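*Asks:* Please see the structure below; I have some questions.
The values are calculated or read from the model by the stated rules, or taken from the named source; none is laboratory data. All values reported here derive from a predicted model rather than from experimental measurement. Glycine gets a Cβ as well: all are built from the backbone with ideal geometry, and neighbour counts include every protein chain shown.
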Amino acid sequence: MENNLKFTETHEWVLDNGDGTITMGISNQAQKLLGDVVYVDLPDVGDDAEAGEAFSLVESVKAASDLYAPVTGEVVEINEELESSPELINESPYSAGWIVKIKLADAAELDNLITSEAYHAANEE
């Protein structure tokens, strides 16, 4: 599954849903560095996301870490499961642990993201 993902330098992953939206979460490496996730401060549906800007927060037993929007657009869905089960980010970072879906303002922004191969090579996951 990971081969069809793109990544940011700040360890967020992006899946192009093919319908003008993306699904986003944090990489396996990021969840390992954070440790056990205990809380996710989810944005609200309808919030604007600005590429490169902090728009959410993940807290673990070790630290709190900002999440940065990988693209500019509107939050159209949040993973409400994370409100009661934030550990899904640790258990399944690339599927059940997704965080938000964003409607793209400009699909060309996807070209600015790092390919799965390049991300894994640089981060030796």
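*Asks:* Give all pairs with beta carbons closer than 8 Å in which a residue from the stretch 93-112 that is over 25 Å from Lys32 (Cβ atoms) meets a residue that is surrounded by 14 or more Cβ atoms within 10 Å (Cβ to Cβ) and polar (S, T, N, Q); count only pairs at least 6 apart in sequence or on separate chains.
*Replies:* Lys103/Thr21; Leu104/Thr21; Leu104/Thr72; Ala105/Thr72; Asp106/Thr72; Glu109/Thr72
*Asks:* Restricting to the stretch 55-68, what's the tally of residues that are among the acidic types (Asp, Glu) and surrounded by 14 or more Cβ atoms within 10 Å (Cβ to Cβ)?
*Replies:* Residues that pass the stated criteria total 1.
*Asks:* Kindly state which strands (runs of 3 or more DSSP E) lie completely within the stretch 1-52 and contain at least 1 residues that are touching a residue at least 60 places away in the same chain (Cβ under 8 Å) and within 16 Å of Ala69 (Cβ to Cβ).
*Replies:* 5-7, 12-16, 21-26
*Asks:* Return yes when Gly52 is surrounded by 13 or more Cβ atoms within 10 Å (Cβ to Cβ) and under 27 Å from Glu124 (Cα atoms) and no when it is not. Working first, answer last.
*Replies:* Details: surrounded by 13 or more Cβ atoms within 10 Å (Cβ to Cβ): yes; under 27 Å from Glu124 (Cα atoms): yes.
Yes: the conditions hold for Gly52.
*Asks:* Here is a further query. For the stretch 94-125, how many residues are under 17 Å from Glu9 (Cα atoms) and of a type outside the set (A, V, I, L, M)? Reasoning before the result, please.
*Replies:* So the first thing to find is which residues in the stretch 94-125 are under 17 Å from Glu9 (Cα atoms), and the list is 94, 109-125.
Going one step further and asking which of them are of a type outside the set (A, V, I, L, M), we end up with 94, 109, 111-112, 115-117, 119-120, 123-125.
Number of matching residues: 12.
*Asks:* If we scan the stretch 29-52, do we find a residue that is among the basic types (Lys, Arg) and over 21 Å from Tyr119 (Cβ atoms)?
*Replies:* no
*Asks:* Follow-up question, since we're still on this one. What are the residues in the stretch 55-82 that are small (Gly, Ala, Ser) and in contact with a Pro (Cβ under 6 Å, 6 or more places away or on another chain), if any?
*Replies:* Correct list: Ser56 only.
*Asks:* Could you tell me which numbered condition Asp66 fails, if it satisfies all but one of (1) outside any loop (DSSP other than H, G, I, E, B); (2) farther than 22 Å from Ala122 by Cβ; (3) at pLDDT 95 or above?
*Replies:* (2)
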